[in-house]
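Visitor: The structure follows.
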Amino acid sequence: NTCNVVHCAILPQHGKLVWVQSDDTVPDFQNLEAIVEAASDGCRAIFEHMQNTVKARAASTLAARAGKAIIRPL
């Protein structure tokens, strides 16, 4: 078995796929469609995690500036 690598980028807030690149050929279109969908799901999960982390950090920073919290280094 070989492992094909597929890179993709999405605009998660718009639900648009903007880039797909494979380092090898994909045997058939149905496989490509499933691979791209799985990769897009991964991109969305990463986006949500990053967005939640930034929001939490911003909230703790604002609270610290107001004297209501202590910021711990990441």
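Visitor: Mind checking which pairs have a first residue in the stretch 5-23 that is more than 15 Å from Gln51 (Cβ to Cβ) and of a type outside the set (D, E, K, R) and a second that is modelled with pLDDT of 90 or more and open to solvent by 80 Å² or more (accessible area, probe 1.4 Å), Cβ under 6 Å, 6 or more apart or different chains?
Guide: Listed pairs, sorted by first residue: Ala9/Val18; Ala9/Trp19.
Visitor: Quick one: in the stretch 26-72, of everything that is without any contact (Cβ under 8 Å) to a residue 12 or more places away in the chain, assigned to a loop (DSSP other than H, G, I, E, B) and not charged (D, E, K, R), which residue is nearest to Val5 (Cα to Cα)?
Guide: So the residue we want is Pro27.
The values are calculated or read from the model by the stated rules, or taken from the named source; none is laboratory data. Everything quoted here is computed from the prediction, not taken from an experiment. Quick reminder, even Gly has a Cβ in these numbers, built from the backbone with ideal geometry, and neighbours come from all protein chains shown. For accessibility, only protein heavy atoms count, side chains too; no ligands or nucleic acids. Shrake-Rupley method; radii C 1.70, N 1.55, O 1.52, S 1.80 Å.
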